[in-house]
Amino acid sequence: MFEEILLPTDGSEGTDEAVDHALDIAERFDATAYVVHVADTNKDSVTVVGTEVVDALEREGEEIVDSTAEAARRRGVDVRTEVVQGDPASAIADYAAERGMDLVAMPTHGRSGIGEHILGSVTERVVRLSEVPVLTVRTQGDARTKFPYENVLVATDGSDAASAATDRAVELAGALDAAVHAVSVVDDSSLGLDVRSESASQRLEDDATEAVSAVADSAREAGVENVTETVRHGDAHEEILAAVDETDADAVVLGTSGRGGVDRILLGSVAERTVRTSPVPVVTVRR
């Protein structure tokens, strides 16, 4: 399922959990890990050492990727390393797309805020920009990084992005013999006071029921034996987190609108809020 996994790293404290989790996946699927550091061209890093002109950030980057690569080799994971220059988020997204990566694995700070480099804002920008699925792993607080996954939560609103995410989630669950839990959230407040009605609310309920049924059908057709379907009511992001707890999910898979903008429900802002706050790894899939 995964043959090539991109693992960007900046050597920041607290990223070990994300690295270890990515290597768990690479080891399980016999994938090659591409460990990449982006030397941020927004910063002046050229200096002179003796008579030699060197780029301090590139030199530091070589040390960072070598350290991570050594951890991969100790686990028997095939690994490649590279230091590239550019804006970190754009460089990571472009690298993944141009080289046909199957997955980008990145850490995120979570609730405590947004940091520099790979953590926080850069990770969230990669989620928005990447044409390749992005696995984000919390590095603080109540984070849980169990692997192999036994329970995969698929959040859906029936959109094209959600359908693309469903395909990847079902493939992942099938490869790991995991259960699939399909959930769709009805946010009645989105109707607005002036147009709220029983019939409009019922349409949202019907759409959500149809969305989880489509996920369940795909999972069963792929041979997944343990499948559940749930329609929840409330704020989409909060209800996704509640479903994580209730299903004992090990990972969440959902769609994102990507470069084209921000759509309602699961797309855009809800996906990013879930990435920021989910206690378990999140896989975002661009439509």
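Estimated translational diffusion coefficient (Stokes-Einstein, Kirkwood radius over Cα pairs, 37 °C, 0.692 mPa s) of region 136-228: 224 µm² per second. Packing-based ranking of 63-69, 74-80, 130-136 yields 130-136, 63-69, 74-80, ordered from highest to lowest mean Cβ neighbour count within 10 Å. What is the distance in Å between the Cα centroid of region 192-256 and that of region 151-166? Taking the Cα centre of each part, region 192-256 and region 151-166 sit 9 Å apart. Of the accessible area of region 144-189, computed with a 1.4 Å probe over protein heavy atoms only, carbon and sulfur atoms account for 39 percent. The modelled label-to-label distance between residue 75 and residue 28, using points 7 Å beyond Cα along the C-beta direction, is 1.1 nm. Near residue 185, the amide H atoms lying under 5 Å from its own belong to 156, 232; only residues 5 or more places off or on other chains count, and H is placed 1.01 Å from N. Taking every protein chain into account, the accessible area of region 195-245 amounts to 57 square angstrom per residue (probe 1.4 Å). Report note on the peptides 161-170, 93-102, 178-187: ranked by the mean count of other C-beta atoms within 10 Å, highest first, their order is 178-187, 161-170, 93-102.
The values are calculated or read from the model by the stated rules, or taken from the named source; none is laboratory data. Quick caveat, the model's predicted, so the values are computed rather than measured. Using ideal geometry, Cβ is built from the backbone for each residue, glycine included, and neighbour counts are taken over all protein chains shown. Note: accessible area is taken over every heavy atom of the protein model, side chains too, but ligands, DNA and RNA are not part of it. Shrake-Rupley method; radii C 1.70, N 1.55, O 1.52, S 1.80 Å.
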